[in-house]
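Chemist: Take this structure first; my questions come after.
The values are calculated or read from the model by the stated rules, or taken from the named source; none is laboratory data. Everything quoted here is computed from the prediction, not taken from an experiment. A quick note on method: Cβ atoms are made from the backbone with ideal geometry, for glycine too, and the neighbour counts reach across all protein chains shown. Accessible surface areas use protein heavy atoms only, side chains included; no ligands, DNA or RNA. Shrake-Rupley method; radii C 1.70, N 1.55, O 1.52, S 1.80 Å.
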Amino acid sequence: MTVGIIGYGAFVPRRRIRLEEIAAVWGADADSYRRGLQLHEKSVPGKDEDTITMSVEAARRAFVRSGGVDPAEVGAVYVGSESHPYAVKPSGTIVGEALGINPEVHIADLEFACKAGTEGMYLAQSLVKAGEVKYALGIGADTSQGAPGDALEYSAAAGAAAFLFGADEERILAEVVATYSWTTDTPDFWRRAYMHYPRHGSRFTGEPAYFRHITNSARGIMEKAGLEPEDFAFAVFHQPNGKFPIRVGKRLGFTMEQLETGWLSPWLGNTYSGASPMGLTAILDVARPGDLILLTSFGSGAGSDSFVFRVTERLPKVQELAPLTRVQLDNDKIHVSYGEYAKLRGKIRMAE
Amino acid sequence: MRDVAIIGVGMIPWGELWEKPLRTIWAEAAVAALEDAGVDTVDLITVGCMSPGLFVGQEHLASMVADQIGMAGVPAARVESACASGGLALRNGFAEVASGLADLVLVTGVEKMTDVDGADATFALGTAADQEYEGFHGITFPGLYAMMARVHMARHGTTVRQMAAVAAKNHANGLLNPNAQYHLKVTVDDVLASTMVADPLHLLDCSPITDGAAALVLAPVDRARDLAGGRPVVKITGSGMATDSIALADREDLGRLRAVQLAAERAYAMAGRKPSDIHVAEVHDCFSIAEIMVTEELGFFPPGEGGPAAENGLTALGGRIPVNPSGGLKSKGHPVGATGVAQVAEIVTQLRGEAGQRQVQGASIGLAQNMGGSGGSSIVHILEVAS
Amino acid sequence: MISPARSWREAPQRYRLEAAKCTGCGRVCYPPRVVCPSCRGRDFEHVVLPREGNVVTHTVVRVPPQGFVEQSPLTIALVQLKDGTRLMVQMADVADPETVHAGMPVRLEFRRINSDGEAGVIYYGHKAVPA
């Protein structure tokens, strides 16, 4: 049975904060961050945007591109995020309710640092493939927070991507050619219960964590599928900053032409569970029939999920039906000051 | 139906009455009205009060206050129609006397608003709007009137200066009213320089938070003549009430206050009067734009002419139709449940010729218009000196 | 504050914009009603409101009510949707409130409206964003 993406959508909040705005507050060298991490600005969620709201909007766009899938026929919803609005109470049930999917549906919230989104995609496509459900929705969304003054504050951003999977041949936009996961126990980044901000292992997050997992996962899936880097039209890797995804891509043998379409982080920041999935939406926005796409996520802790997709004849017919990711990223931006950012992100202690 | 007169008026100084609880300010106004009327008992007490539960945590209010003046045993009822609760208390009392169910009725209005902070007061007042579908989104009363103001401005060319002129005029009148909360000279420029509360309404376009009470004593006209002691007998010749949707989304025309128009029509019809017969009016200027819209709905001015009329002094003391000689809600204060009763107290005082410096000379027919929420209810009374 | 039961009960309207259309006169009631205010009909069909419309009138609330302080100033609009239904909503993502005007095209997006403090239930619904 052929399973594939039958609808996809992304949501990018309109607010942005420039790197210089953050650096100025902490007396940091903005230029070194820009050069070192290749970051210019990042998205900032409004006070009224969270993982749930962005998931709903991204998923609505996925339905628009699905050619009329009835939400009630969706049998599974997975929302991957490390910033679920409730510590206890699912995000997915609200998303399902808003989309009109409930109640005959299996819903779960997932968390695995920055790879919770691809986990949801993995589960969704697996259940469709197994014949357990007709359609399944996998969403990656985050409104992540870096501690004030920490390096993460320059990148932790907000956004969402949603993918509807199904096996209706006539609906498939990009078929799932292969999947592969590579997982170890590597404590490079964590957030303990009741803590506001995550902690990380600084440079330990690099080679033993990000690079090792992505490299092994990407090589693993290419070997499994019998493909080489040059076979792909596009590749997208987890993008915690601007630098890492390009470095790992080149190390694996990909070219800038293959990487740049899904490379959103210099202007978006790190949307955590949404990061590589949003890159995939930007690729799907422009991909042509027959194109092969490699997606490899990374979640601290640590693991990498990989997917190979092959674009069908149908994709170009639906690309323009919903807002394109790059268009959202490049237009209608509202730049905020650090003061507004602190207010929006709940960093100001309010009256009790 | 019997003719009904107002034989007693009780007003107290309004303001932030930190030293006094609700029961005390109510009793002071009630006693003043009973003394003014020269009676020591009544058949019924009506109490207009919007939200004692939210403002002071007290319900079952009518029984409590009746007891405060030694009238436990007398029937007493609290009525509520948001900021029109006072007008409704009068209308209910009027119906009791007119029908013969009661002879003497003590009509009162009260609100003690300063025992909660500004946010809690805003919330309590906000419950007069559609909480589930409008308040839910964060709209406030200034916001609702601001939305109506924009429609009125776009349709008629009403200006922020015209709105400010209403506030300036009412503050000028309030300077002449010893019971008013504010004795301030306010200019149009002062209003426009004040803090923006909900665009295009400034702080000085809005009525304040006030503690206050007011009371009236009603009697059949025949009895009133006996008790008048040479003072003019003022009777209620018209009483009209109407409702409208409280959700602005359900209003057909946001530039109109249909409940005011309907209530006025009914009151004019009962009294056999027309707008041009009115010598003096107290209207519900909870926001400056409200007075402009209300004076149009009452037929004092054609639609769109309310703003220019205020700006050109037509509604000032000495103008064509003096509006809010008491200072209005704006300057006298707006203890919501008391407002409708105090408006009528002012008209009675005017028709008796006892208004001192703010007296409208020769006034013998007056009108009081009270309004709930953003126009979800309105009550209009017409009062005349009995011949 | 809004109880969990109330929030839950209102989910069809808040989350999915479900409304009732009078089969007699065609008036759309949002939220649904028992009696049509236009013709007093009692029969309704289930409809979902469109998410596109235009601003009818608006204000910027600069003295916010409880629970909205962190969102202030609040740009709030009365919006007429494509089917003629009107509803009160906050405007979101407005860089400059001065740019909001009657007739401005908007579309409704799913947003967080408020919450019962830091520990209570979160209320979701729709806000209007510039189209």
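Chemist: With a bin width of 10 angstrom, please list the P(r) values of chain C as percents of all Cα-Cα pairs, from the 0 bin to the one holding the largest distance.
Modeler: Each 10 Å bin holds this share of Cα pairs: 12, 37, 35, 15, 1.
Chemist: Per residue of C:22-35, how many C-beta atoms from partner chains lie within 10 Å of its own C-beta, taken as a mean?
Modeler: Rounded to a whole number, the mean comes out at 1.
Chemist: So for C:GLU18, B:GLU132, A:GLU104, C:GLU10, what's the accessible-area order with a 1.4 Å probe, most first?
Modeler: Heavy-atom accessible area, descending, gives A:GLU104, B:GLU132, C:GLU18, C:GLU10.
Chemist: With the cut-off at 1.5 for a/c, could you classify the stretch B:249-387 from its C-alpha gyration tensor as rounded, prolate or oblate? All intermediate terms of the calculation are to be shown ahead of the outcome.
Modeler: Values: a/c = 1.42, a/b = 1.38, b/c = 1.03.
Judged from the Cα gyration tensor, the stretch B:249-387 comes out rounded (a/c under 1.5).
Chemist: Sticking with this structure for a sec: Scale the Cα Rg of the protein assembly as shown by the rule-of-thumb value 2.2 N^0.38 Å and send over the ratio, two decimals.
Modeler: 1.14
Chemist: Just B:LEU44, B:LEU184, B:LEU125 to compare: in a GNM of chain B, with alpha carbon springs under 10 Å, which one fluctuates most?
Modeler: In the Gaussian network model the winner is B:LEU184.
Chemist: Then there is this: How shielded is C:3-11 by partner chains, expressed as the average number of their Cβ atoms within 10 Å of its Cβ atoms? Let's see the in-between values first.
Modeler: Details: counts 0, 0, 0, 1, 1, 1, 1, 3, 4.
What the average comes to for C:3-11 is 1.
Chemist: On to the next question. Looking only at chain B, where both bridge partners belong to it, what percent of the DSSP beta bridges are antiparallel (to the nearest 5)?
Modeler: 75
Chemist: Longer than 23 Å from Cα to Cα, which of A:LYS243/A:LYS343; A:LYS134/A:LYS224; A:LYS42/A:LYS243; A:LYS333/C:LYS127; A:LYS317/C:LYS82 are they? Say none if no pair is.
Modeler: Details: A:LYS243/A:LYS343 29 Å; A:LYS134/A:LYS224 26 Å; A:LYS42/A:LYS243 14 Å; A:LYS333/C:LYS127 18 Å; A:LYS317/C:LYS82 26 Å.
Over 23 Å apart, Cα to Cα: A:LYS243/A:LYS343; A:LYS134/A:LYS224; A:LYS317/C:LYS82.
Chemist: For the stretch A:36-115, count all C-alpha to C-alpha pairs, find those more than 15 Å apart, and express that count as a whole percent of the total.
Modeler: Values: 1933 of 3160 pairs.
Pairs farther apart than 15 Å: 61 percent.
Chemist: What is the mean projected area of the alpha carbon convex hull for the stretch B:195-301, to one decimal in square nanometres? Don't jump to the answer; show the numbers that get you there.
Modeler: On the way: hull surface 38.6 nm².
Projected area, direction-averaged: 9.6 nm².
Chemist: Now for a different question. How big is D for the stretch B:60-155, in µm² s⁻¹ as a whole number, if Stokes-Einstein is applied with the Kirkwood radius of its Cα pairs at 10 °C and 1.306 mPa s? Please report the intermediate quantities before stating the final value.
Modeler: Working: Rh = 16.2 Å.
After rounding, the answer is 98 µm²/s.
Chemist: What area, in nm² and to one decimal, does the C-alpha convex hull of the stretch C:1-72 cast on average over all directions? Can you show the working numbers first?
Modeler: Numbers: hull surface 27.2 nm².
Mean shadow area of the hull around the Cα atoms is 6.8 nm².
Chemist: A further question follows. Over all directions, what mean area does the Cα convex hull of chain A project, stated in square nanometres?
Modeler: For chain A, averaging the hull's shadow over all directions gives 16.3 nm².
Chemist: With N set to the residue count of the stretch B:94-246, report its C-alpha Rg divided by 2.2 N^0.38 Å to two decimal places. Don't skip to the answer; put the middle values down first.
Modeler: On the way: Rg = 20.1 Å, N = 153, 2.2 N^0.38 = 14.9 Å.
Ratio of Rg to 2.2 N^0.38 Å for the stretch B:94-246: 1.35.
Chemist: Are there DSSP H segments in chain B that both extend 24 Å or more along their axis (alpha-carbon positions) and score a mean Kyte-Doolittle hydropathy of at least -0.5? List them, or say none. Before the final figure, lay out the partial values.
Modeler: On the way: long enough: B:336-352 (25 Å, 0.78).
Answer set is B:336-352.
Chemist: Please tell me the relative contact order of chain A in percent, rounded to the nearest whole number, where contacts are Cα pairs under 8 Å and at least six residues apart.
Modeler: Working: 903 pairs, mean separation 87.5, N = 352.
After rounding, I find 25 percent.
Chemist: At 25 °C and 0.890 mPa s, grab the translational diffusion coefficient of the stretch A:174-315 from Stokes-Einstein with a Kirkwood Rh over Cα pairs, rounded to a whole number in µm² per second. Let's see the in-between values first.
Modeler: Numbers: Rh = 15.2 Å.
Answer, rounded: 162 µm²/s.
Chemist: So, by mean Cβ neighbours within 10 angstrom, what's the order for C:87-94, A:68-75 with the highest one leading?
Modeler: Values: C:87-94: 24.8, A:68-75: 17.0.
So the peptides C:87-94, A:68-75, ranked by packing, come out C:87-94, A:68-75.
Chemist: With Kirkwood's inverse mean 1/r over C-alpha pairs for Rh, give me the Rg to Rh ratio of the stretch B:318-374, two decimals please. Each step should come with its number before you reach the end.
Modeler: Working: Rg = 11.4 Å, Rh = 11.8 Å.
Rounded to two decimals, Rg over Rh is 0.96.
Chemist: Can you give the accessible area of C:HIS46 in Å² (nearest 10), computed on protein heavy atoms with a 1.4 Å probe?
Modeler: 120
Chemist: On alpha-carbon atoms, Rg over Rh for the stretch A:8-53 using Kirkwood Rh?
Modeler: Details: Rg = 13.3 Å, Rh = 12.1 Å.
Dividing the radius of gyration by the Kirkwood radius yields 1.09.
Chemist: Once you keep just the Cα pairs under 8 angstrom separated by 6 or more residues, what percentage relative contact order results for the stretch A:61-152?
Modeler: 36
Chemist: Let me ask something else. How large is the Rg to Rh ratio of the stretch A:99-221 when both quantities use alpha carbon positions and Rh follows Kirkwood? Walk me through the intermediate numbers first.
Modeler: Working: Rg = 17.1 Å, Rh = 16.8 Å.
Reported Rg/Rh (Cα atoms, Kirkwood Rh): 1.02.
Chemist: Between A:VAL327 and B:LEU184, what is the label-to-label distance in nm when each label sits 7 Å out along the Cα-to-Cβ direction?
Modeler: Result: 5.1 nm between the two label points.
Chemist: Let me ask something else about it. I'd like the accessible area for C:MET104, computed on protein heavy atoms only with a 1.4 Å probe and all protein chains in place. Round to 10 Å², please.
Modeler: For C:MET104, solvent-accessible area is about 20 Å².
Chemist: May I pose another question? Please report, in Å, the Rg and the Dmax of the stretch B:163-226, where both are computed over Cα atoms only.
Modeler: 17.2, 53
Chemist: Can you give the alpha-carbon Rg of chain B over 2.2 N^0.38 Å, where N counts its residues? Can you show the working numbers first?
Modeler: Working: Rg = 18.9 Å, N = 387, 2.2 N^0.38 = 21.2 Å.
So the Cα radius of gyration is 0.89 times the expected 2.2 N^0.38 Å.
Chemist: Taking springs between alpha-carbon atoms closer than 10 angstrom, which of A:SER55, A:SER43, A:SER337 fluctuates most in the Gaussian network model of chain A?
Modeler: Most flexible of the set in this elastic network: A:SER337.
Chemist: How much accessible surface does B:ILE246 have with a 1.4 Å probe, in Å² rounded to 10?
Modeler: Answer for B:ILE246: close to 80 Å² accessible.
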